[in-house]
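One structure is given here, and the rest of the page talks about it.
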Amino acid sequence: MEDCIFCKIVRNEIPSQRIYEDDRYLVFLDISPVNVGHALLIPRQHYADVDSTPPEVLAHLAKIAQKIAPAIVGATGAEAYNITINNGAAAGQMVSHVHLHLIPRFEDDGFHAWHGRKPYGEGEMAATAEKIKEELDRN
Ligand code: AMP
Ligand code: ZN
């Protein structure tokens, strides 16, 4: 049995404010929201990250997100939403059970997810594209 906080939520061992569930997926409110209504969508099955999640599960997560996010927007009076996955510790993933953040957003709500963008140096953009394509060819 997984010793994982989201698995414990799935098993009802710790409380959560659930807003959607079916036999394979669960959506509950994030305990520390960017904005009120910020929710987390997870598969009941434990997968650590995107890389270890079967593509069909990712596809289902996208399908459910497309249904739930507008309901969160409707309920909160938000204007828009972010769907975000933090994949890996350096990307901000704190809980190693794959999850989508569904975040209702307002103009000027003060949340800046992508601060600190960097300009490419001379030739760096094309070289980077080349490297990534080579990596794709290797797999
Ligand atoms: P991440 O940084 O992408 O791994 O996101 C993990 C999220 O889980 C954070 O936004 C936390 O606020 C949220 N979280 C952690 N523990 C709980 C909990 N018991 N109930 C609801 N949300 C939680
Ligand atoms: Zn888990």
Highest-first arrangement of 47-54, 21-28, where packing means the average Cβ count within 10 Å: 21-28, 47-54
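Can you pull the percent of region 42-139's accessible area that's carbon plus sulfur, 1.4 Å probe, other chains left in place?
Numbers: 3810 of 6880 Å².
Reported share for carbon and sulfur atoms: 55 percent.
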Ellipticity estimate at 222 nm from DSSP helix runs (n ≥ 4, -39,500 (n - 2.57)) divided over the chain, nearest 500: -10000 deg cm²/dmol
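In debye to the nearest 20, how big a dipole does the chain give about its Cα centre with +1 on each Lys and Arg Cβ and -1 on each Asp and Glu Cβ? Present the calculation step by step, with values, prior to reporting the outcome.
Details: 13 positive and 20 negative charges, 59 e Å.
With Lys and Arg at +1 and Asp and Glu at -1, about 280 debye.
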Heavy-atom surface of region 1-72, accessible at 1.4 Å and reported per residue (Å²): 57 Å²
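Note down the relative contact order for the chain as a percent, whole number, built from C-alpha pairs under 8 angstrom at least six residues apart. Kindly include the intermediate steps, with their values, before the conclusion.
Numbers: 167 pairs, mean separation 32.0, N = 139.
Relative contact order here is 23 percent.
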Positive dipole terminus of the chain, leading residue within 132, 114, 35 (C-beta point charges): 35
Label point distance in nm, residue 75-residue 36, each placed 7 Å from Cα along Cα→Cβ: 1.2 nm
Pair-distance profile P(r), taking every C-alpha pair of the chain, with 5 angstrom steps and integer %: 2, 9, 16, 18, 18, 14, 10, 7, 5, 1, 0
Normalised contact order of region 1-78, rounded percent, pairs of Cα under 8 Å and 6 or more residues apart: 21 percent
Helix axis angle, 55-76 relative to the chain longest principal axis, alpha carbon, degrees: 60 degrees
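The values are calculated or read from the model by the stated rules, or taken from the named source; none is laboratory data. Predicted, not measured: the structure shown is a model, and the values here were computed from it. Note that we place each Cβ from the backbone using ideal geometry, even for glycine, and neighbour counts take in every protein chain shown. Areas reflect the complete protein model, heavy atoms only, side chains present, ligands, DNA and RNA absent. Shrake-Rupley method; radii C 1.70, N 1.55, O 1.52, S 1.80 Å.
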